[in-house]
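Asker: Below is one structure. I have some questions about it.
Rule-based calculations on the coordinates, nothing more; no lab input. Quick caveat, the model's predicted, so the values are computed rather than measured. Backbone-built Cβ (ideal geometry, glycine too); neighbour counts: all protein chains shown.
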Amino acid sequence: MALEKKLFNFDVPWEHNIAFSQGVSIKGGRLILLSGQASLDDHCNVIGVGDMDLQVKTSLEAVRRGLEIAGATVADIVKMNVYTTDMRAFHKTQPIREEFFSRPFPAQTVMEVSRLAMRDFLVELEVTAVVDA
């Protein structure tokens, strides 16, 4: 069975200013679940302490790497959960995310939390992707 993926919005005016879709419908594919990715170097040191832009960029690149290992690409992402310790700073990173993703954007949920796995993490990204079975 061929993969059928339909991302959708509710067609309201404010949706043109966001970098995510409201939902996704998937039929016939292989599901890839990527654990939370954060801004770490190869020695488990935080990259960009105090710098939300750099942490978002580095975390997105970690997402890209993880998906490639699983045989997927960024275009295969259907859902992203974002955990951040600073919602205001995260919202300013929309241009970075718009460069990383293309329309139609994946569905997304953003949550502000009091702390992430490492004290200096500002953001962690968890994604779900679907590829042909």
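Asker: Checking Gly71 against (1) at negative phi; (2) in contact (Cβ under 8 Å) with a residue 40 or more places away in the chain; (3) out of contact with any helix residue (DSSP H, G or I) (no Cβ under 8 Å at 6 or more places or on another chain), which single condition isn't satisfied?
Answerer: Unmet condition: (1).
Asker: So Ser35 passes all but one of these: (1) more than 17 Å from the chain's Cα centre (by Cα); (2) within 18 Å of Leu125 (Cα to Cα); (3) in contact (Cβ under 8 Å) with a residue 24 or more places away in the chain; (4) loosely packed, with under 12 Cβ neighbours inside 10 Å. Which condition number does it fail?
Answerer: Just one mismatch for Ser35, condition (1).
Asker: Restricting to the stretch 38-89, and then to whatever is of a type in the set (A, V, I, L, M, F, W, C), out of contact with any Asp or Glu (no Cβ under 9 Å at 6 or more places or on another chain) and within 19 Å of Arg115 (Cα to Cα), can you tell me which residue is surrounded by the most Cβ atoms within 10 Å (Cβ to Cβ)?
Answerer: Val56
Asker: Restricting to the stretch 90-111, name every residue that is of a type outside the set (Val, Ile, Thr), closer than 16 Å to Thr128 by Cβ, surrounded by 13 or more Cβ atoms within 10 Å (Cβ to Cβ) and in contact with a strand residue (DSSP E or B) (Cβ under 7 Å, 6 or more places away or on another chain).
Answerer: Pro104, Phe105, Pro106, Ala107, Gln108
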